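Reading through the structure tokens given below for one structure.
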Amino acid sequence: MLKTDVLIIGSGIAGLFAAIKISEFANVILVTKKDKAESNTNYAQGGIASVIDKSDSFEKHINDTLIAGAGLCNSKAVELMVKEGPDRIKELMALGTQFTQKSGKLDLVREGGHSMPRIVHAKDLTGKEIERALISMTNNIKNIHVIENTLAIDLITEHNIPDLRNSPLDKRNCWGTYVLDGNQGKVVTINSKVTILATGGLGQVYQHTTNPLIATGDGFAMVYRAGARIGNMEFVQFHPTSYYEPNKNTTAGKTSFLISEAVRGFGGILRTKKGEAFMAKYDSREELAPRDIVARAIDSEIKKSGEEFVYLDITHKSKDEIIQHFPNIYQTCFNSGIDITQNFIPVVPAAHYACGGVKVNEFSQTTINGLFACGEVSMTGVHGANRLASNSLLEAIVYANRASIKIKEMLKDYDTSIPEIPHWDDSGTLSSDELVLITHSLKEAKQTMWDYVGIVRSNNRLERAQRRITNLSDEIEHLYKKTKVFNDIIELRNIISCAGMIIQSALLRKESRGLHYTIDYPNLDDKSKPKDTIIQNREL
Ligand code: FAD
Ligand code: SIN
């Protein structure tokens with residue numbers, strides 16, 4: 001068994017930023033399931049939104065965020081994020097992050113839904129630069145112990161301890177995590193005073209996604225199994241423009257390359273396959289409307305024409321400027337046969353971001369004592385029904401910092417009486433020789449979610465998806481119980497659990513709002529007060 005003051009699960013921006021802050025007053029173990037850099041953060045392109053320029057204001061950024069969130073944002077949480085954002089960005093820079101500058105100042109660009117250019121970026125590789133800087137800093141801090149290739153399986157709470165199993169759900173505590181140590185191939189118990197979930201998103205629940213393979217929704221599923229509250233899971237954001245590559249098989253865990261929103265901010269025009277610009281038909285903000293609107297418009301054009309993609313056209317801009325602003329996008333497309341300075345880019349929407357998640361307060365505390373959640377896995381309330389572009393990295397640093405403030409306070413008078421934690425019990429379980437069940441179930445789950453729980457939904461489609469996901473869940477639970485745990489089965493179980501939560505929440509919402517659009521309730525429910533959908537596992 002390993003012991004620490006603070007255990008952090010995940011090495012994206014939220015986990016690393018929290019680790020650096022907390023190392024000032026406590027020992028940290030940070031576990032991450034692959035190598036340190038592998039995270040959604042590492043692929044972030046556009047940048048971080050923040051009020052930097054004098055012509056901008058907190059009010060404008062708050063207002064843009066609230067408009068995108070379609071009436072469901074927690075305005076206090078938005079205000080905290082926007083007002084604390086500039087200081088956190090200065091800290092990122094002090095930690096070594098090098099953002100793109102123009103005439104000696106940060107180069108600020110514009111993205112969809114923003115009334116001002118306020119996106120701080122490092123060319124079109126912002127996330128990679130942030131990960132580089134944060135990892136290099138954590139490597140030099142003695143009391144941060146990073147353990148790679150180590151996958152958290154389950155949180156340790158009363159439900160793991162036979163004598164405490166019946167304690168009330170609202171009074172539960174988290175004492176750490178069971179992890180599968182990939183280096184030794186065995187399950188290890190990590191006991192901590194405080195645990196932070198920074199496990200990122202769940203894009204891999206869908207057949208087409210911009211998210212890398214790590215984004216299997218482990219944090220959401222672990223928290224569900226532990227009984228904390230989870231909110232607004234129906235609001236999965238589909239990025240309007242992922243690169244359409246017909247020969248890329250995305251059925252079993254691949255990633256679609258993102259064509260950043262900043263390309264539209266730079267003047268990119270969406271066109272049908274016949275070359276007609278179409279966004280003006282859908283919204284007066286045209287290409288710079290919030291993502292839910294642009295993604296639905298593309299979906300509608302694709303359905304009307306029967307084609308598999310639309311085009312994004314940036315050919316009217318200067319070649320040098322395109323290459324200078326978007327070197328990574330230019331090169332990636334060029335390598336696959338499209339010169340974006342001369343050819344239109346074929347694009348389709350893809351699952352991108354979870355706006356809902358583990359419900360937390362303004363200090364990132366979940367409803368389980370000692371358990372915090374930061375970054376994409378959390379639901380602070382800042383995104384409401386639709387996240388504004390480039391607010392995710394911002395939310396992650398602001399709320400990781402807020403978690404560290406609360407944890408410092410908590411550790412001062414921490415009650416050290418921890419019950420005896422049982423070791424992981426896998427007696428009687430077999431090694432799996434049925435890998436085909438895993439790959440087929442994964443394909444079926446991802447395809448079901450893409451076909452029936454995508455951009456446009458209906459009761460019929462959601463109920464059909466629910467029946468299929470419930471079947472898959474029963475089969476996988478059965479297999480899981482008789483198998484020695486290994487990465488693929490843990491991740492598949494989590495993907496199926498997240499799929500179930502998304503469908504459950506989508507069925508609870510009897511209206512169309514933000515990212516949740518259903519043909520059975522095509523309008524906002526404006527008769528009742530906007531409310532979050534909350535789910536909680538009560539069978540514990
Ligand atoms: P992540 O960065 O995803 O990190 C999660 C970490 O947890 C990883 O290290 C992972 O390996 C680890 N992990 C997961 N499960 C386990 C487990 N069971 N055990 C151990 N470790 C685990 N947002 C913006 O604001 N601006 C952008 O420009 C932008 N561009 C984007 C482009 C792309 C292609 C993508 C996919 C997302 C983009 N986003 C952007 C969203 C943003 O990048 C993410 O929401 C954000 O990086 C999430 O940070 P995080 O720290 O919460 O999670
Ligand atoms: C992008 O660069 O388009 C991604 C921005 C985001 O997800 O906020």
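Run the 1.4 Å probe and let me know the accessible area of residue 238, rounded to the nearest 10 Å².
Rounded to the nearest 10, the figure is 10 Å².
Need one word for the stretch 199-240: rounded, prolate or oblate. Basis is the Cα gyration tensor (sqrt eigenvalues a ≥ b ≥ c); a/c below 1.5 gives rounded, then a/b vs b/c decides.
oblate
Compute the relative contact order of the stretch 309-370 as a whole-number percentage, counting only Cα pairs closer than 8 Å that sit 6 or more residues apart in sequence.
Relative contact order, the stretch 309-370: 38 percent.
Given a Förster radius of 51 Å and the C-beta distance between residue 164 and residue 316 as r, what FRET efficiency does 1/(1 + (r/R0)^6) yield to the nearest 0.05?
The value I calculate is 0.20.
If 521, 243 are ordered by their accessible area, calculated over protein heavy atoms with a 1.4 Å probe, which sequence runs from highest to lowest? Each step should come with its number before you reach the end.
On the way: 521 70, 243 10 Å².
I get 521, 243, largest accessible area first.
If packing is taken as the average count of other Cβ atoms within 10 Å, what order do 160-168, 348-356, 128-136 fall into, highest mean first?
348-356, 128-136, 160-168
Sort 108-118, 286-296 for me by packing, meaning the mean count of neighbouring Cβ atoms within 10 Å per residue, highest on top.
Answer by packing, highest mean first, reads 286-296, 108-118.
How high is the relative contact order of the stretch 329-477? Use alpha-carbon pairs under 8 Å, at least six apart in sequence, and give a whole percent. Intermediate values should be presented prior to the final figure.
Values: 98 pairs, mean separation 20.1, N = 149.
Relative contact order of the stretch 329-477: 13 percent.
With a 1.4 Å probe and all protein chains left in place, how much accessible area per residue does the chain have, in Å²? Write down the numbers at each step before the final one.
Numbers: 21730 Å² over 540 residues.
Using a 1.4 Å probe on heavy atoms only, each residue of the chain averages 40 Å².
Ordered by packing density, taken as the mean number of other Cβ atoms within 10 Å over each peptide's residues, highest first, how do 255-266, 92-103, 173-184 rank?
255-266, 173-184, 92-103
Go ahead and run the numbers for FRET between residue 1 and residue 414, Cβ-Cβ distance against an R0 of 22 Å, rounding to 0.05. List each step's numbers first, then the result.
Numbers: r = 18 Å, r/R0 = 0.83.
Efficiency, rounded to the nearest 0.05: 0.75.
If you average the alpha carbon positions of the stretch 165-227 and of the stretch 313-362, how far apart do those two centres end up, in angstrom?
Between the Cα centres of the stretch 165-227 and the stretch 313-362 lies a distance of 31 Å.
Only loop residues by DSSP count here, and only those with at most 12 other Cβ atoms within 10 Å; note down the GluC sites (Glu not before Pro) in the stretch 1-84 that meet that.
Values: sites: 24, 38, 59, 79, 84; in loops: 24, 38.
Here the sparse-neighbourhood loop sites are 24.
Quote the relative contact order of the chain in percent (integer), defining contacts as alpha-carbon pairs under 8 Å separated by 6+ residues.
22 percent
So how much slack lies between residue 536 and residue 520, counting 0.36 nm per residue of separation and subtracting their Cα-Cα distance, in nm?
Going from the current span to full extension adds 3.2 nm.
If each residue of separation counts as 0.36 nm, what is the full-extension length gain between residue 439 and residue 324 once their alpha-carbon separation is subtracted?
Numbers: separation 115, 0.36 × 115 = 41.40 nm, distance 4.10 nm.
Full extension of this stretch gives 37.3 nm more.
With no solvent and one equal point scatterer per Cα, compute the Debye intensity ratio I(q)/I(0) for the chain at 0.06, 0.08, 0.12 Å⁻¹ and report its log10, rounded to two decimals.
Values, matching the q order: -0.27, -0.48, -1.13.
Could you please report the charge total around residue 341, scoring K, R as +1 and D, E as -1 over all other residues with beta-carbon less than 13 angstrom from its beta-carbon?
Counting the neighbours of residue 341, the net charge comes to -2.
The values are calculated or read from the model by the stated rules, or taken from the named source; none is laboratory data. This structure is a prediction, so every number in the text was calculated from the model and none was measured. Here Cβ is always computed from backbone atoms with ideal geometry, including for glycine, and neighbour counts include all displayed protein chains. In case anyone asks, the SASA skips ligands and DNA or RNA and just uses the protein heavy atoms, side chains included. Shrake-Rupley method; radii C 1.70, N 1.55, O 1.52, S 1.80 Å.
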